[in-house]
């Protein structure tokens with residue numbers, strides 16, 4: 001059985017109950033070996049513990065109290081649910097799975113406000129964010145987005 005590979009224009013993302021896909025231009029779930037001073041035999045036998053991170057680029061809008069920028073500025077350190085829908089649509093299924101989990105909101109290690117000048121009237125300042133998942137994201141194959 002063959003499925004359709006992911007496209008580059010359909011991804012949607014909810015942070016809490018709010019959809020932010022119009023404010024995000026880049027989004028990925030990253031996996032890396034966990035850095036820890038202690039590795040149990042069980043973790044070592046399964047290949048080692050993993051850390052999962054939601055990485056994304058978002059627009060800056062400090063004037064809007066409901067914007068993603070305002071969420072970062074006001075709620076750093078808070079844990080929030082996220083739902084990522086890479087195929088778009090409104091219903092999850094085996095052929096249209098999504099991913100969900102909880103992440104900790106953190107401010108960026110770089111630009112929080114501002115950026116380079118651009119002569120384009122549609123260019124926007126952005127920020128690059130990396131939020132750690134509290135556990136491995138869950139693949140969702142039933143329910144609504």
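The values are calculated or read from the model by the stated rules, or taken from the named source; none is laboratory data. Nothing here was measured: the structure is a model prediction, and the numbers come from that model. Cβ placement follows ideal geometry from the backbone for every residue including glycine, while neighbour counts extend to all protein chains displayed.
Within the stretch 107-136, count every residue that is in a loop (DSSP other than H, G, I, E, B), closer than 21 Å to residue 78 by Cβ and touching a residue at least 24 places away in the same chain (Cβ under 8 Å).
Adding up the residues that qualify gives 7.
Please indicate, with yes or no, whether at least one residue in the stretch 54-67 is in contact (Cβ under 8 Å) with a residue 40 or more places away in the chain, out of contact with any helix residue (DSSP H, G or I) (no Cβ under 7 Å at 6 or more places or on another chain), in a loop (DSSP other than H, G, I, E, B) and surrounded by 14 or more Cβ atoms within 10 Å (Cβ to Cβ).
Checked the stretch 54-67: at least one residue is in contact (Cβ under 8 Å) with a residue 40 or more places away in the chain, out of contact with any helix residue (DSSP H, G or I) (no Cβ under 7 Å at 6 or more places or on another chain), in a loop (DSSP other than H, G, I, E, B) and surrounded by 14 or more Cβ atoms within 10 Å (Cβ to Cβ).
Going by the conditions given, is residue 24 in contact (Cβ under 8 Å) with a residue 60 or more places away in the chain and under 24 Å from residue 126 (Cα atoms)?
Against the criterion (in contact (Cβ under 8 Å) with a residue 60 or more places away in the chain and under 24 Å from residue 126 (Cα atoms)), residue 24 does not qualify.
Only residues that are at pLDDT 90 or above and surrounded by fewer than 18 Cβ atoms within 10 Å (Cβ to Cβ): list them for the stretch 15-28, please.
16, 17, 18, 19, 25, 26, 28, listed by residue number.
From the set of residues in the stretch 29-47 that are closer than 21 Å to residue 131 by Cα and surrounded by 10 or more Cβ atoms within 10 Å (Cβ to Cβ), which is farthest from the chain's Cα centre (by Cα)?
Filtering first and then ranking leaves 36.
Assuming residue 86 fulfils every condition listed in (1) in contact with a helix residue (DSSP H, G or I) (Cβ under 7 Å, 6 or more places away or on another chain); (2) within 20 Å of residue 17 (Cα to Cα) apart from one, which condition is it?
Among (1) in contact with a helix residue (DSSP H, G or I) (Cβ under 7 Å, 6 or more places away or on another chain); (2) within 20 Å of residue 17 (Cα to Cα), residue 86 violates only (1).
Count, please, the residues in the stretch 86-106 that happen to be part of a loop (DSSP other than H, G, I, E, B) and in contact with a strand residue (DSSP E or B) (Cβ under 9 Å, 6 or more places away or on another chain).
Number of matching residues: 9.
Please count how many residues of the stretch 114-136 are over 14 Å from residue 56 (Cβ atoms) and in contact with a strand residue (DSSP E or B) (Cβ under 8 Å, 6 or more places away or on another chain).
Total meeting the criteria: 6.
Is it the case that the stretch 43-51 has a residue that's touching a strand residue (DSSP E or B) at 6+ places or on another chain (Cβ under 6 Å) and outside any loop (DSSP other than H, G, I, E, B)?
yes
Within the stretch 70-93, identify whether any single residue is exposed (fewer than 15 other Cβ atoms within 10 Å of the Cβ) and over 20 Å from the mean Cα position of the chain (by Cα), and answer yes or no.
Yes: one or more hits.
So which residues in the stretch 103-128 are over 18 Å from the mean Cα position of the chain (by Cα), on the phi < 0 side of the Ramachandran plot and surrounded by fewer than 13 Cβ atoms within 10 Å (Cβ to Cβ), if there are any at all?
113, 116, 117, 118, 119, 120, 121, 122, 123 - these are the residues of the stretch 103-128 that are over 18 Å from the mean Cα position of the chain (by Cα), on the phi < 0 side of the Ramachandran plot and surrounded by fewer than 13 Cβ atoms within 10 Å (Cβ to Cβ).
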